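The values are calculated or read from the model by the stated rules, or taken from the named source; none is laboratory data. Because the structure is predicted, anything quoted here is derived from the model rather than measured. Methodologically, a virtual Cβ is constructed for each residue, glycine included, from the backbone with ideal geometry; neighbour enumeration extends over all protein chains shown. In case anyone asks, the SASA skips ligands and DNA or RNA and just uses the protein heavy atoms, side chains included. Shrake-Rupley method; radii C 1.70, N 1.55, O 1.52, S 1.80 Å.
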Amino acid sequence: MSEAAVGPDDPEVRQPTEPAAKEPGESVSDVPEAVIQAELEDLLFANGVRMVLTSMGACLVMGGAVFAAFRHVESLLWIGLVWLAGLTRIPIITARNRWKLGAQAGEAPPFRKYFLWQATAFGLAWGSSAGLLQFDDPRVIYVAVLLVGATVNGAILALGPYPKALAAFVAALTLPWFARILWEGPTALRLQALTALLYIVALAGFVKRYHETLRQGVAIRFQNQRLLERVKVEKRAAEEAGAAKTQFIAAASHDLRQPLHAIRLFLGALQSGPDASQRARIVGQLEEATNSLAGLLDSLLDLSRADAGVIRARPASIDLQRLLRALDVEWRGVAEHKGLSFRVRGRPLSVKSDPELLTTILRNLISNAVRHTERGGILVGCRAEKNIVRVGVWDTGPGIPESEREAIFREFHQLGNPERNPERGLGLGLAIVQRFASLLGHALEVQSVPGRGSYFGIRLPRARAETARALEAPRERVDLGGLRVLVVDDDVHARAAMDALLTSHGARVRAAADPEQALALAAERFDWVICDLRLPGETDGIDLVEQLRSVRDPDGESTEHLEALIVTGDTAPSVLLDAYRRGLPIIHKPIQVHQLLTRLATSAPNPPDPSQNGDQAAQEPDSGIDPAHG
């Protein structure tokens, strides 16, 4: 298998995702001005035809009446001008509707400008009646003035979405009338004209408020549409989350029951009194089942910690070649036992990342490749590009269809494993990879060719080689050297087991079954308290630790610096956050014994030499102790 076979030359890159920000409450001002103007333009053109047809009809009635009564030919000319100007609006509106329905690309023609010109021309046609109609009878003047006033009021409703067009139409219509009346009209009519002028000036304020009302109505309607769309999206997301939760619980329940079922059968076999060889074989199988159960719980814990946001990335310079060499030692035998070739091509490069989280990411990617590759091999390698190092895992497995590229990062989602065979994994590895990569800000890369293989990689920032740090091997033996430890647990078996473990490594242990017993022992001097989270009564482990730290020791000294570990099987984000905010480290059941002892040994009278063993709690990927709280 070569790097070119399935290479990361142009892989699908999954950028780290940030938690979705909660959108602020929207207001009318949040709606883009272009959207409001577009909606007002739609309203303008929708009302434009009705308004002009009504005006043309009123003109025909008035002009016809004047012609019938006085035989003024000028009235017919006036009717012709109004109709000619009115009919020019129809092609403008028709062209605009066709353009909009066609959704043509490019800049839209200036239909609003055309409409403004047409409204001005239509107003002038109406205003020409002031010069064309003969006022032989005062009744004609009064009827004409009333008709002009009605036309102005109707124009406000029709042209309100476009104040410029309304102002142009009203000015072109009324100014000729005011000029003629003031020039040659009777005194009473002049007073009425002045009153009408004041009325029109007052209408300007109404028009402004009416236009703002239209704008707000459009903005609110658009806002409601967006809210409705958001509700639909959130409803769909909630439904998908509910379905995913149901699937998650069902898959987790199945995968948890499998090793528990096996453990019960093995225990039953041990109770039947097998001989020594059978007993050794059963014990080995029992250990495998418990390891499988512990692995599932650890994976669920990793997901819970990531979702709770209590994991703090601790970037450091890492010797990548050394890390890949350690992974080579860890996985080569596993791959070759399955009949696969396994190659690691490291380079003397240093990267900036969290050692624990990066190791977990690469371990999960390699594990995923080993499990799903039946023949061929696996290549683990790296490539430097300027300030970025791409670390990836290539395999010759079955590949991943394009339609599954997103789904494989969901919890318990597996391809080709409907029977939930635990030998093919739990379906949590890639979900953890995505969570941790997002936390670190590293982009994931995915490329796959169905039937040929897959590539999973991660982009890492380069670091200075001289400051790079490598993961050290754990030490074999931990001596607690007389460390004074208070163990608080209401479960008699868990309490006895912890007592036996710590005592066997040199600690001096006192045990309590409830908060009352623990507080009664608090007068003694302790170096550590290991406390279960859930205790009898209303006081939980976190509150008890704070109470113990408030008690004075026999010498009257404060115990506020008493070291503490909270033991729990609860992975709820609220629990993790509560302990995180109070600065308490959490160790999850089932515990990793060596890492627990190493953590305690850091404050023992003869602590381990850091130059030989390193900071185990911070460096060991499978510590079981949440380093975010340490």
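Filtering region 538-577 to residues that are at pLDDT 80 or above and part of a helix (DSSP H, G or I) leaves Gly541, Ile542, Asp543, Leu544, Val545, Glu546, Gln547, Leu548, Arg549.
Residues in region 523-535 that are more than 39 Å from the chain's Cα centre (by Cα) and open to solvent by 40 Å² or more (accessible area, probe 1.4 Å): Ala523, Glu524, Arg525, Asp527.
Contact map, region 142-153: first residue open to solvent by less than 30 Å² (accessible area, probe 1.4 Å), second residue not in a helix (DSSP H, G or I), Cβ cut-off under 8 Å, separation 6 or more or different chains; pairs are Ala144/Leu133. Condition check for Thr503 on (1) under 28 Å from Val478 (Cα atoms); (2) of a type in the set (S, T, N, Q); (3) at pLDDT 85 or above; (4) outside any helix (DSSP H, G or I): one failure, at (4). Scanning region 163-204 for residues that are closer than 23 Å to Arg112 by Cα and open to solvent by 30 Å² or more (accessible area, probe 1.4 Å) turns up Pro163, Lys164, Ala167, Ala171, Ala204. Regarding Leu444, is this residue modelled with pLDDT under 80, under 27 Å from Pro355 (Cα atoms) and open to solvent by less than 30 Å² (accessible area, probe 1.4 Å)? Spelling it out, it is not the case that Leu444 is modelled with pLDDT under 80, under 27 Å from Pro355 (Cα atoms) and open to solvent by less than 30 Å² (accessible area, probe 1.4 Å).
Quick check on region 223-230. Is at least one of its residues of a type in the set (A, V, I, L, M, F, W, C), under 30 Å from Phe122 (Cα atoms) and open to solvent by 70 Å² or more (accessible area, probe 1.4 Å)? Give the steps one after another, and end with the answer.
Going residue by residue through region 223-230, those that are of a type in the set (A, V, I, L, M, F, W, C) are 227-228.
Now restrict to residues that are under 30 Å from Phe122 (Cα atoms): none.
Taking every residue of region 223-230 in turn, none turns out to be of a type in the set (A, V, I, L, M, F, W, C), under 30 Å from Phe122 (Cα atoms) and open to solvent by 70 Å² or more (accessible area, probe 1.4 Å).
Per the conditions (1) surrounded by fewer than 17 Cβ atoms within 10 Å (Cβ to Cβ); (2) modelled with pLDDT of 75 or more; (3) assigned to a helix (DSSP H, G or I); (4) not aliphatic (A, V, I, L, M), the sole criterion not satisfied by Tyr580 is (1). Filtered by the rule that a residue be in a helix (DSSP H, G or I), at pLDDT 80 or above and not aliphatic (A, V, I, L, M), region 68-95 gives Glu74, Ser75, Trp78, Gly80, Trp83, Gly86, Arg89, Pro91, Thr94. Filter region 336-360 for residues that are assigned to a helix (DSSP H, G or I) and farther than 28 Å from Leu439 by Cβ and give the result. Residues satisfying the conditions are Glu336, His337. Out of the residues in region 333-361 meeting the condition of being out of contact with any Gly (no Cβ under 9 Å at 6 or more places or on another chain) and open to solvent by 80 Å² or more (accessible area, probe 1.4 Å), tell me which one is nearest to Gly583 (Cα to Cα). Selected residue: Lys352. Among the residues of region 369-388, just one is crowded, with 22+ Cβ neighbours inside 10 Å and within 31 Å of the chain's Cα centre (by Cα), namely Ala369. Select from region 408-425 the residues that are open to solvent by 20 Å² or more (accessible area, probe 1.4 Å) and either in a loop (DSSP other than H, G, I, E, B) or modelled with pLDDT of 75 or more (or both) and list them in ascending order. Listed by number, the residues that qualify are Arg410, Glu411, His413, Gln414, Leu415, Gly416, Pro418, Glu419, Arg420, Asn421. Every listed requirement among (1) at pLDDT 90 or above; (2) surrounded by fewer than 18 Cβ atoms within 10 Å (Cβ to Cβ) is met by Pro315 save one, (1).
Are any residues in region 36-72 open to solvent by less than 30 Å² (accessible area, probe 1.4 Å) and among the β-branched types (Val, Ile, Thr), and if so, which ones? Hits for region 36-72 are Ile36, Val52, Val66.
For region 514-531, the set of residues classified as modelled with pLDDT under 90 and not in a helix (DSSP H, G or I) consists of Ala522, Ala523, Glu524, Arg525, Phe526, Asp527, listed by residue number.
Does Leu296 fit the bill of being at pLDDT below 85 and in a helix (DSSP H, G or I)? Against the criterion (at pLDDT below 85 and in a helix (DSSP H, G or I)), Leu296 qualifies.
Can you find a residue that is touching a strand residue (DSSP E or B) at 6+ places or on another chain (Cβ under 6 Å), open to solvent by less than 40 Å² (accessible area, probe 1.4 Å) and modelled with pLDDT under 80 anywhere in region 426-436? Let's see the steps before the verdict.
First, the residues of region 426-436 that are touching a strand residue (DSSP E or B) at 6+ places or on another chain (Cβ under 6 Å): none.
No, region 426-436 contains no residue that is touching a strand residue (DSSP E or B) at 6+ places or on another chain (Cβ under 6 Å), open to solvent by less than 40 Å² (accessible area, probe 1.4 Å) and modelled with pLDDT under 80.
Scanning region 484-500 for residues that are over 14 Å from Thr568 (Cα atoms) and assigned to a strand (DSSP E or B) gives Arg484, Val485, Leu486. Of the residues making up region 485-507, those that are surrounded by 15 or more Cβ atoms within 10 Å (Cβ to Cβ) and either among the charged types (D, E, K, R) or within 20 Å of Glu560 (Cα to Cα) (or both) are Val485, Leu486, Val487, Val488, Asp489, Asp490, Arg495, Asp499.
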